[in-house]
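The values are calculated or read from the model by the stated rules, or taken from the named source; none is laboratory data. Being a predicted model, the structure only gives us computed values, none of them experimental. Here the Cβ positions follow ideal geometry from the backbone for every residue, glycine too, while neighbour counts run over all protein chains shown. Heavy atoms of the whole protein, side chains included, go into the accessibility calculation; ligands, DNA and RNA do not. Shrake-Rupley method; radii C 1.70, N 1.55, O 1.52, S 1.80 Å.
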Amino acid sequence: MQGGWQPPPGEEDTGAPPQGGGYGQPPPGGAPPVTEPLRRAWGSPLTRTVHRRVHPDDVGSFGNYEFNDMENSIIDKTASRAKLWGIISTVLGGLQCLASCGAVANAGMASYLPAGIIAIVIGVTFMGVGNSLKMVVQTQGNDLMHMMQALQKMGSAFMVQIICAIIGFVLAVLIFMLAAFVLVAAAASS
């Protein structure tokens, strides 16, 4: 059974259209040929490739592929944007950490500290993503390996952002509640 329309299991191909329960009509002019790259990507018709997550040890097993100039320009633009977001996030995080020093005068400003730390961590991870994507453009012959490493870092950066956002929200609520409790206790004692 190679490519093209096939009758459902248990039915013979009589040349007539299937009567109910079939897979439908074959495409006009027959199915397009399955090319060798597709055959390698899909596996043989009887045994399909199982898609799985890429383990860091498997990264070196990718073939040698070189992105063309248009693809490199898209990757370069994405790398620049990832690094820019990392820089912006790091600067904003630093400013939030500085603003949290105002907690001496206003206890509510203490909630800026966890948000600032989260922004700095996120910024650093996205700058790493940008650097890894830049390696795809700057190197020759190992583009797929560098791209997979960059995508793994990007996935890690998103996971760090998700976890930090959840933890930061919880910490900000706890700090705000603590600050409110201290202010209410101070007001009640005076």
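Students often check this: by mean Cβ neighbours within 10 Å, which of 71-79, 146-154, 122-130, 174-182 ranks highest, and how do the rest follow? Don't skip to the answer; put the middle values down first.
On the way: 71-79: 15.7, 146-154: 19.1, 122-130: 21.4, 174-182: 13.7.
Per-residue Cβ counts within 10 Å, averaged per peptide and sorted highest first, yield 122-130, 146-154, 71-79, 174-182.
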Phi-derived 3J(HN,Hα) across the range 136-149 with the Karplus relation (6.51, -1.76, 1.60, θ = phi - 60°), rounded Hz, x for Gly and Pro, is 4, 6, 7, 9, 10, x, 10, 4, 5, 4, 5, 5, 5, 5
Each residue of the range 174-190 in turn: what ³J(HN,Hα) in whole Hz from Karplus with 6.51, -1.76, 1.60 and θ = phi - 60°, glycine and Pro shown as x? 5, 5, 4, 5, 5, 5, 5, 4, 5, 5, 5, 5, 5, 5, 6, 7, 9
Once the whole set of protein chains is in place, how much accessible area is left on residue 158, using a 1.4 Å probe, in Å² to the nearest 10? 100 Å²
A correct Karplus calculation of ³J(HN,Hα) over the range 103-119, with 6.51 cos²θ - 1.76 cosθ + 1.60, θ = phi - 60°, whole Hz and x for Gly and Pro, returns 5, 5, 8, 9, 4, x, 6, 5, 5, 6, 4, x, 5, x, 5, 4, 4
Suppose all protein chains stay in the model; what accessible area per residue would a 1.4 Å probe give for the range 136-186, in Å²? 65 Å²
